[in-house]
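This report concerns only the one structure given below.
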Amino acid sequence: MQIPTPYNIEAEQQILGALLVRDEIYHDIAAEVGGEDFYDRTHAALFRTINLLVDTGKRVNAAIVLDFLQADDKGVRVKPDYIEVLMDAVIDLGDTIHYAKQVRDLARRRRWIDAAVDGITRIGRLDPLMSAQLVIDEADVQILNSSKVDVSAVRTIGEWAQLATSRAIAALDRPSAETNGIKWGLTAVDNVAGPLLPGKLGVVGGRPGSGKSALVGQAAEKFGTQAPGYIQSLEMDGEEWAIRSMSQHLDIPAWRIEHARINIADAEQLDTTARELRRLPVWIDKSPRMDIEKIRARAIRYKHKFGIKWMIVDHIHIIEPSFKRQERSDITAKAAEELKKIAKELGIAVIALAQMNKEVRSRDDGRPRSGDLMFYSSIEPHADWIIFTHRPEIAHAERKPDMTNPDSLDVKKWQDKMALLEGKAEIINGKRRGGKAYQTQECQFIGETMRFRDLGLKELPLSAAEEMARW
């Protein structure tokens, strides 16, 4: 099957002609299109030459471009007459941005076609006994990674200030997740981590049983009422997330739902809750054994398909290596770096769950610190905020005394403290770039339904630094 190659020579000519006539518009054009996006080899060589001139601080005109045009572009040569043709082809300089976007989109389509054809060809050549899934996944990554996210990255400080002011004024009349951030639904967490903001990477850490998955699962439902998002679940099945959510909704222990220990009234409530949850724009991808490139491809796909504003990865330490014989610390560092890039490029908030080192168990109170994150030095540089879930009763339970004599003083003291700590939980601040934050906020944890509850705390206002950083 012959697939026509998408391109537009006239649009490429309009762009180059406009740059030769007025080089002041170069940065606006370069924000939309690059030399690799031009279909015609001569046009690609001309654009690269103009880029070289601008980068070296030189003016752009026909004579200088011809002098500087390099012969290393596989022998490309441009005649002076063609430069004049390009300049004469310009109809309206105001349309140049439109042509740049068109050329970029056509280049993207060519890359998609190439990746798809290459994937189909490779699948066709596979041994019939081999699985084609790996090749399909690789082609999927190539196709989705060929997309360029439209980002106006360079502005003056005055332009950024004007943009922030305009958004703030608009928020007075139309408050939304875009202007105020996405709230957690728990004042304790909002006070420590702040609302989710586009372009930010956050990390939720905690020892096993501390409730980190329960916290983000509970929050995901609240996030979904404000903006669409998705969970990349590398550890739990999608059904487990749903069972936890329904358990929290109905105060029915999750184990009863999972093992069908319910009555007719419970069944009716579960059916109603499931119907309500179906209306939430929250997607769960339970695909196992994902490397960071596949996760990035999924994020791009869901951004385009569903318009996601947030993303949760559970969890960062079980992301697969991109190639064999890769150290776990290197895998984690690459994953953290790429998750931050995903947040910035797609304009979404990203939350990654993380495990803790064993050192946290050696402390009497078992309270986690930033350095307790597994491969902390690989994660911290890329994280905008880090919080920890802590349940003191878990740490105290590990210090259970010898129960040979249940009436001993040590046993009684231990039991009294366990009763005192039951249901208590803390949200601990490990890091927060900009913005005011309490170090620790207490809350309640209901173990049977794995749900966090506030203790009547007041919400903190956002700081000026965080307002500026948001945009």
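Every number in this text was worked out from the coordinates using simple rules, so none of it is lab data. These numbers come from a predicted model, not from an experiment. Positions of Cβ are generated from backbone atoms using ideal geometry, with glycine treated the same way; all protein chains shown enter the neighbour counts.
Around the Cα centre of the range 342-444, unit charges on the Cβ atoms of Lys, Arg, Asp and Glu (plus for the first two, minus for the last two) sum to a dipole of about 320 debye. If the Kirkwood radius is taken over C-alpha pairs of the range 181-470, then at 37 °C and 0.692 mPa s the Stokes-Einstein diffusion coefficient equals 164 µm²/s.
The modelled label-to-label distance between Arg41 and Ala63, using points 7 Å beyond Cα along the C-beta direction, is 3.0 nm. Close amide H contacts of Gly347 (hydrogens built in the peptide plane, cut-off under 5 Å, sequence separation of 5 or more or a different chain): Gly199.
Model label points for Arg453 and Asp81, set 7 angstrom from Cα along the Cα-to-Cβ axis, are 8.5 nm apart. Taking amide H positions as placed 1.01 Å from N in the peptide plane, with prolines and chain starts having none, which residues 5 or more places from Ser287, or on another chain, fall under 5 Å of its amide H? Amide H to amide H, under 5 Å and 5 or more residues apart or across chains, Ser287 pairs with Ser233.
Our coupling estimate for the range 8-20, obtained by passing each phi through the Karplus curve with A = 6.51, B = -1.76, C = 1.60 and θ = phi - 60°, is 9, 4, 5, 5, 4, 5, 4, 5, 5, x, 5, 5, 6 Hz, Gly and Pro reported as x.
Taking θ as phi - 60° and the Karplus parameters 6.51, -1.76 and 1.60, the scalar couplings of the range 208-213 work out to x, x, 7, x, 5, 5 Hz in sequence order, x denoting glycine and proline.
For the range 24-39, the Karplus equation 6.51 cos²θ - 1.76 cosθ + 1.60, evaluated at θ = phi - 60°, returns couplings of 4, 8, 4, 5, 5, 6, 5, 5, 9, 9, x, x, 6, 7, 7, 6 Hz by residue, with Gly and Pro reported as x. Of all DSSP bridge pairs formed entirely within the range 172-325, close to 10 percent run antiparallel.
Debye-formula intensities of the range 229-372, expressed as log10 I(q)/I(0) at q = 0.10, 0.17, 0.18, 0.21 Å⁻¹, are -0.46, -1.03, -1.07, -1.20 (one equal scatterer per alpha-carbon, no solvent). Of the residues Thr440, Thr389, the one with the fewest other Cβ atoms within 10 Å heads the list, and the complete ranking is Thr440, Thr389. For the residue pairs Lys400/Lys431; Lys200/Lys358; Lys305/Lys431; Lys101/Lys344, the alpha carbons lie more than 25 Å apart in Lys400/Lys431; Lys200/Lys358; Lys305/Lys431. Note down the Stokes-Einstein diffusion coefficient of the range 9-127 in µm²/s, whole number, using a Kirkwood radius over alpha carbon pairs, 25 °C, and 0.890 mPa s. It diffuses with D of about 162 µm²/s by this estimate.
For the range 220-363, the Cβ-based charge dipole about the Cα centre amounts to some 560 debye (Lys, Arg positive; Asp, Glu negative; other atoms uncharged).
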